[in-house]
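In what follows, a structure is listed as structure tokens, so that the remarks can point back to it.
The values are calculated or read from the model by the stated rules, or taken from the named source; none is laboratory data. The model shown is predicted, which means the values in this text are computed figures rather than measured ones. We place every Cβ from the backbone using ideal geometry, glycine too, and count neighbours over all the protein chains shown. For accessibility, only protein heavy atoms count, side chains too; no ligands or nucleic acids. Shrake-Rupley method; radii C 1.70, N 1.55, O 1.52, S 1.80 Å.
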Amino acid sequence: ALVTRWPLLLMAVKLGGAAYLVYLAWGLWRSTLATASLSPASRNSFAQGLLLTLANPKPVLFFAAFFPLFIPQSASAPLRSFAMLGLVFEVLNLAYFAALVTLLSVVGKQPSFQRFLAGRFNRVAATGLLLCALGVASSVMEVGVF
């Protein structure tokens with residue numbers, strides 16, 4: 001409703017998001033992982049990450065908007081179908097992250113990999129953020145506001 005009433009508000013949010021992505025990219029580009037510790041995360045870090053994830057409203061909104069598309073209208077128990085979809089998603093998510101952690105725990109101990117990662121990872125991530133910022137900014141330009 002806000003976007004239809006004030007379309008410039010959406011443009012401002014998009015441009016603000018693009019500017020924030022450029023800011024994050026700049027910070028990543030200037031830093032390196034050489035000074036960072038590659039030690040395993042502590043329990044405190046896990047708890048912080050868990051709380052951050054649980055407090056994030058975006059996944060709840062995503063699942064509330066996306067999952068119902070895969071539940072047939074004729075389903076006798078739509079809530080159960082929704083829970084099953086969530087369970088399948090979480091099992092796949094857990095399998096992916098378990099494989100990723102296993103791979104990085106084996107490969108990450110190699111000094112050559114650490115040197116490779118320290119020199120390139122932040123710059124690759126910064127480039128990705130810049131590309132995302134360009135995509136967001138170009139969507140503003142396509143609307144014809146400018």
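Among the helices (runs of 4 or more DSSP H) lying completely within the stretch 57-146, list those that include at least 3 residues that are under 22 Å from GLY16 (Cα atoms) and open to solvent by 70 Å² or more (accessible area, probe 1.4 Å).
In the stretch 57-146, 57-66, 111-142 are the helices (runs of 4 or more DSSP H) which contain 3 or more residues that are under 22 Å from GLY16 (Cα atoms) and open to solvent by 70 Å² or more (accessible area, probe 1.4 Å).
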Of the candidates LEU85, LEU69, LEU33, the one satisfying the condition of being more than 16 Å from the chain's Cα centre (by Cα) and at pLDDT 85 or above is LEU85
Residues of the stretch 88-114 being more than 21 Å from the chain's Cα centre (by Cα), of a type in the set (S, T, N, Q) and under 26 Å from PHE46 (Cβ atoms), in sequence order, are SER105, GLN110, GLN114
